[in-house]
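Notes follow the structure.
The values are calculated or read from the model by the stated rules, or taken from the named source; none is laboratory data. Just so we're clear, the structure is a prediction, and the values are computed from it rather than from any experiment. Cβ atoms come from the backbone with ideal geometry, glycine included; neighbour counts cover every protein chain shown.
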Amino acid sequence: MNKGDFIDRLADRTNLTKKEARTYLDSVLDLVQETLLKGEDVKLVGFGKFAVRARKASSRINPQTRKPIEVEAKVVPLFKPGKELKRQVEKTLKATPNGVGKK
C-alpha cells in the first residue's frame with residue numbers, strides 16, 4: 001500500500017475527505033519525524049515504537065572490488081513492532097516459498 005492508497009482507506013474509514021485525511025496523516029508523520037529528530041522515541045502501545053539508534057563504525061568488503069572499506073558510525077531510524085501487532089501478524093500471515101501469504 002502506498003501513501004495515496006492509505007489516504008483513500010483512511011478517508012473511507014473516518015468519513016473524512018481525502019484532503020482532510022491527507023492533512024491528518026501528514027501531521028502524524030511530521031510529528032513522528034520531529035520527535036525522532038530530537039532523539040526521542042514515539043511509543044504507540046499495542047502497535048510499536050519508533051526510535052533512533054546509533055550504529056558503530058565498521059569495516060566491510062566492497063563486493064565489486066573485494067577491497068575493504070570503512071563504514072562511518074551513523075544514526076538510523078527504526079521501528080520495533082509491539083506485542084499485539086506481532087501477535088496479529090503471526091496469527092494472520094504465514095511464510096511461503098514466494099514470500100508472505102494468508103493462513
Only one residue in LEU25, LEU16 is part of a helix (DSSP H, G or I) and outside the structural domain of VAL76 (by TED's automatic domain parsing), so which one is that? LEU25
Here is a check on your reading of the model: is LYS43 among the basic types (Lys, Arg) and farther than 30 Å from GLY101 by Cα? no
Does segment 26-75 hold any residues that are in contact with a strand residue (DSSP E or B) (Cβ under 6 Å, 6 or more places away or on another chain), β-branched (Val, Ile, Thr) and closer than 30 Å to LYS3 by Cα, and which are they? VAL32, THR35, VAL42, VAL52, VAL75
Can you say whether LEU25 is among the aliphatic types (A, V, I, L, M), in contact (Cβ under 8 Å) with a residue 24 or more places away in the chain and out of contact with any His (no Cβ under 6 Å at 6 or more places or on another chain), as far as the supplied structure shows? no
Residue selected from segment 76-92 under the condition among the aliphatic types (A, V, I, L, M) and assigned to a helix (DSSP H, G or I), by the criterion farthest from LYS49 (Cα to Cα): VAL89
Selection within segment 24-41 - β-branched (Val, Ile, Thr) and more than 22 Å from ALA54 (Cα to Cα): VAL28
Can you confirm whether ARG53 is in contact with an Asp or Glu (Cβ under 9 Å, 6 or more places away or on another chain), part of a strand (DSSP E or B) and not hydrophobic (A, V, I, L, M, F, W, C)? no
Just to be sure before I move on: is ALA95 in a strand (DSSP E or B), of a type outside the set (Phe, Trp, Tyr), at pLDDT 95 or above and exposed (fewer than 11 other Cβ atoms within 10 Å of the Cβ) in the structure I sent? no
